[in-house]
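Have a look at the structure below before the remarks.
The values are calculated or read from the model by the stated rules, or taken from the named source; none is laboratory data. Owing to the predicted nature of the structure, the values given are computational and were not obtained by experimental measurement. Note that we place each Cβ from the backbone using ideal geometry, even for glycine, and neighbour counts take in every protein chain shown. Ligands, DNA and RNA are excluded from the accessible area calculation, which covers all protein heavy atoms including side chains. Shrake-Rupley method; radii C 1.70, N 1.55, O 1.52, S 1.80 Å.
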Amino acid sequence: MRHIISILMENEAGALSRVAGLFSARGYNIESLAVAPTDDPSLSRMTLVTSGTDEIIEQITKQLNKLVDVVKLFDMTEGEHIEREMMLVKVNTQSKNDREEVKRLADIFRGRIIDVTKDTYTIELTESCERLNAFLESLGNVSILEVVRSGVIGIIQGDKALTV
Amino acid sequence: MELTGAEIFTRCLKDEGVEYLFGYPGGAVLHIYDALYQQKDVKHILVRHEQAATHAADGYARSTGKPGVVLVTSGPGATNAVTGIATAYMDSIPMVVFTGQVPTSLIGNDAFQEVDSVGITRPCVKHNFLVKDVNDLAVTIKKAFYIATTGRPGPVVVDIPKDITAQKAKYAYPKKVTMRSYNPVIKGHPGQVKRALKMILGAKRPIMYTGGGVILDNASKSLTDLVKMIGCPVTNTLMGLGAYPATDKQFVGMLGMHGTYEANMSMHHCDVLIAIGARFDDRVTGNIEKFCPSAKIIHIDIDPASISKNVKVDIPIVGGVSNVLKEMLKQLKETGEKPGKKSQSDWWKQIEEWRAMDCMKYDRDSVKIKPQNVVETLYKVTKGDAFVTSDVGQHQMWAAQYYKFDKPRRWINSGGLGTMGFGMPAAMGVQFAHPDKTVACITGEGSIQMNIQELSTLKQYGLPIKIINLNNGVLGMVRQWQEFFYEGRYAMSYMESLPDFVKLAESYGHVGFHIDKPEDVEGALKEAMKIKDRAVFLNFITDAEENVYPMIPAGAGLNEMILI
Ligand SMILES: Cc1ncc(C[n+]2csc(CCOP(=O)(O)OP(=O)(O)O)c2C)c(N)n1
């Protein structure tokens, strides 16, 4: 099963490589990884998407907790949560048809066209991972030049918060 | 007053109570060596190879419980130390390794003798640090010792760029550090302990399976008391030998691949398994599918990640072994129950039948020296009271099987990583820690050559280590597997061109004995024990055909041992 694990860790040089190294050394897979400092600059928040059996996920959370730099972590998938990912897509819009189709789809998916050239549109979308995939699929025959995704981030729904 | 980074370094070690620093100099650590030269508190031991420095510190740590401390230079100094760091990591040994680094301004420039020591060691340390500001040096060193010695112990690397050791800062060694991200759980949950105790008291065929964690947490006394009160059999892993007295009747021997028949059969047939400070290593469980089929499992361990990693556990107890066992003893006394051995008389009857198979028998009338006999005789001559280190191979298994360890911290070997070349340098660390005790290194002609240069260190410091070379002329453990599983195709397991070990030892100023007759074994060992001012190299020419029995072949369960 797919799990979204949020990690609060010391904002130290090398902290990221400890997590990445742990995953490669133990053969766990990472679907995506997003990391940035929080409002407290001494802390980084990392969101990691992985998948595995319950036993593997249990090991992953235990091994992550064992890292000296990890302050706290939470498996978002255990409860209600909100998931978001940002995507930038550059598509070929040389044909008028494609231009109109892309504009229409961007509206439906609540995306924004943020850059326009003679031959291309660049669309920005912030949605769940699934919806982003759906958008890409819906583009159908439109030729995609470039896709950039931020990796998933997540937050607990309701008044609970993951803080130190 | 301000001190240089190098002076801060030596002061920190002094304030941390470090007695010995095992190391080897080089460009990046010259300021530190200069500061060491000008003080008397920390004794620096010069080895002949950085790997040996780490093993020596490791042997010191294993035999005392105190952290071993190492200093090496950047680049090749650091890479040479990696094997020893990984060895300590696999066996959870507290160790702090200081590596020199090129000056901060050159980091990342492929400077002379630069390697990314923090990157290289990351997967085999508990934690590591790169010091980037001299003002952080003392607190980083404090943290390193704190992390290395608390929770599940392990090696910590501190990488110190050369310029940091020249810069000045105010010195204050913190008395304590707290880290919001690191708070190991020491105290076991009393409710879990209660549940476990209930399960143990209701068991018909219980067994305790204990590992290195009992030794690391100094919990031998509590373990022994508990085992006596419960009356159950107890088996130790290779790392756990000595945690429970091997000469006691309730001890059924080591378990696992080369464990005793009675230990492995008791494991296989038990109904409640109490695992304490052990980690269900594949060399212990055999085929995991066939492991302890009818057992409920209780697992006590300080590391939550060890619990239910390989084997699903019914009652997990996260906590320091010593703490949890004390709580269990307290609760057991409160119940007023004292089951003892008689409560399990059917179980013990069965175990005695297995024991009667005498799985450790070997040919005592052979005209060739049997390696088992050398170990047994060493046991006799040292009255079971020596510190015994070993290398890796058949000799390691024979040492574990035939030297009966009654006390913890006496048996020192690389269990997890299985590092050939560990034995002699580890023995140096042990001898420094216990100058008046007998320290023997049981080795083979393959392993000893992996760090043979340390004969020179033994000479420099007059360390009277007894090197027991079980010289079978082959890489015995490899040969054994080739005989069993590769139809006798002995690829590269024959050691050609061996040196004359006696002359080699003598050339370093030590004493060398050549022993090739069974009747000379005891005399030679007795003679060796009299020599107190230098090392003795006992080159025993042993039967090359001898194999380690009993054995669980790969893929088999604990009840499927090959007996001799
Ligand atoms: C550094 C290292 N390299 C290779 C091995 C693989 N290995 C395990 S046992 C062994 C043979 C050891 O031979 P020896 O030291 O002569 O001991 P014996 O088995 O003959 O008692 C080898 C090569 C190892 N454990 N460590």
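With a cut-off of 8 Å between alpha carbons and a minimum separation of six or more residues, what is the relative contact order of chain B in percent? Relative contact order here is 14 percent. Shape descriptor for the range A:34-90: Rg over Rh equals 1.01 (Cα atoms; Rh from the Kirkwood inverse mean 1/r). Of the peptides B:267-278, A:100-111, the ranking by mean beta-carbon count within 10 Å, highest at the top, reads B:267-278, A:100-111. With semi-axes defined as the square roots of five times the eigenvalues of the C-alpha gyration tensor, the equivalent ellipsoid of the range B:440-503 measures 29, 11, 9 Å, largest first. Calculated translational diffusion coefficient of the range B:100-180 (20 °C, 1.002 mPa s; Stokes-Einstein with Kirkwood radius over alpha-carbon pairs) equals 157 µm²/s. Where a ≥ b ≥ c are the square roots of the eigenvalues of the C-alpha gyration tensor, would you call the range A:16-164 rounded, which needs a/c under 1.5, or, failing that, prolate if a/b is larger than b/c, or oblate? Because a/c hits 1.5 or more and a/b exceeds b/c, the range A:16-164 counts as prolate.
With a 10 Å cut-off around each Cβ of A:54-60, the average count of Cβ atoms from other chains is 2. Each Lys or Arg adds one and each Asp or Glu subtracts one; over the other residues with Cβ under 15 Å from the Cβ of residue A:74, this totals -2. Here the protein assembly as shown exposes an accessible surface that is 52 percent carbon and sulfur, computed with a 1.4 Å probe and the other protein chains kept in place.
Pairs of Lys residues in the range B:260-347 are counted when their Cα atoms are under 30 angstrom apart and they lie 8 or more places apart or on different chains; the count is 27. Over the range A:1-94, Cα pairs under 8 Å with separation of 6+ residues give a relative contact order of 40 percent.
For a paramagnetic label modelled on residue A:51 (point 7 Å from Cα along Cα→Cβ), amide N atoms under 15 Å away belong, within the range A:1-36, to A:1-5, A:28-33.
Computed about its Cα centre, the charge dipole of the range B:1-144 is approximately 400 debye, with only Lys, Arg, Asp and Glu carrying charge at their Cβ. Taking Cα centre as origin and charging only the Cβ of basic (Lys, Arg, +1) and acidic (Asp, Glu, -1) residues, the dipole magnitude of chain A rounds to 320 debye. Annotation: average projected area of the range B:9-146 is 7.6 square nanometres, based on the convex hull of Cα atoms across all directions. Counted by Cβ distance under 11 Å from residue B:335, the other residues give a net charge of +3, where Lys and Arg count +1 and Asp and Glu count -1.
Across peptide A:64-74, the mean count of Cβ atoms from other chains lying within 10 Å of each residue's own Cβ comes to 4.
Shown in residue order for the range A:29-37 are the 3J(HN,Hα) couplings computed by the Karplus curve 6.51 cos²θ - 1.76 cosθ + 1.60 at θ = phi - 60°: 9, 10, 7, 8, 8, 10, 8, 6, x Hz (x for Gly and Pro).
Here the range B:168-275 was treated as a single set of alpha-carbon atoms; its pair distances binned every 5 Å from 0 give 2, 11, 18, 19, 16, 10, 6, 5, 5, 3, 2, 2, 1, 0 percent. Shown here for the range B:34-80: trypsin sites (Lys or Arg not before Pro) in loop regions (DSSP other than H, G, I, E, B) with at most 13 other Cβ atoms within 10 Å, namely B:40. Residue by residue, the range A:41-49 carries 3J(HN,Hα) couplings of x, 7, 10, 9, 10, 10, 10, 10, 10 Hz when phi is fed to the Karplus relation 6.51 cos²θ - 1.76 cosθ + 1.60 (θ = phi - 60°); x denotes Gly or Pro. Quick one: if the Förster radius is 25 Å, what FRET efficiency do residue B:532 and residue B:38 give, using the C-beta to C-beta distance and rounding to 0.05? With R0 = 25 Å, the Cβ-Cβ based efficiency is 0.15. Determine the shape class of the range B:18-63: with a ≥ b ≥ c the square roots of the Cα gyration tensor eigenvalues, call it rounded for a/c under 1.5, and otherwise prolate if a/b is greater than b/c, oblate otherwise. Oblate. Among the residues of B:305-312, the average count of other protein chain beta-carbon atoms within 10 Å of the residue beta-carbon is 3. Report note on the peptides B:285-294, A:28-37, B:357-366: ranked by the mean count of other C-beta atoms within 10 Å, highest first, their order is B:285-294, A:28-37, B:357-366.
Restricting the calculation to Cα atoms, the range A:1-62 shows an Rg/Rh of 0.98 when the hydrodynamic-style radius is the Kirkwood one.
Please work out the FRET efficiency for the pair residue B:288 and residue A:78, using the Cβ-Cβ distance as r and a Förster radius of 25 Å; give the result to the nearest 0.05. Efficiency at R0 = 25 Å is approximately 0.35. Taking each DSSP H run with n ≥ 4 as -39500 (n - 2.57) and averaging over every residue of the protein assembly as shown yields -10000 deg cm²/dmol at 222 nm.
If eta is 1.002 mPa s and T is 20 °C, what Stokes-Einstein diffusion coefficient results for the range B:401-448, Kirkwood Rh from Cα pairs, in µm²/s? The estimated diffusion coefficient comes to 182 µm²/s. Projected onto planes of every orientation and averaged, the convex hull of the alpha-carbon atoms in chain B covers 26.3 nm².
Across the range B:40-142, C-alpha contacts under 8 Å between residues 6 or more apart give a mean separation that, scaled by the residue count, equals a relative contact order of 24 percent.
Placing +1 on each Lys and Arg Cβ and -1 on each Asp and Glu Cβ, with no other charges, gives the range B:137-253 a dipole about its Cα centre of roughly 480 debye. Tell me which of B:270, B:179, B:250 sits at the most positive position along the dipole axis of the range B:134-270, charges placed on C-beta atoms (Lys, Arg +1; Asp, Glu -1). Towards the positive end, the residue furthest out is B:179. When each of the peptides B:521-533, B:322-334 is scored by how many other beta carbons lie within 10 Å of its residues on average, the order from highest to lowest is B:322-334, B:521-533.
Of the Cα atoms belonging to the protein assembly as shown, the radius of gyration and Dmax stand at 29.3, 100 Å.
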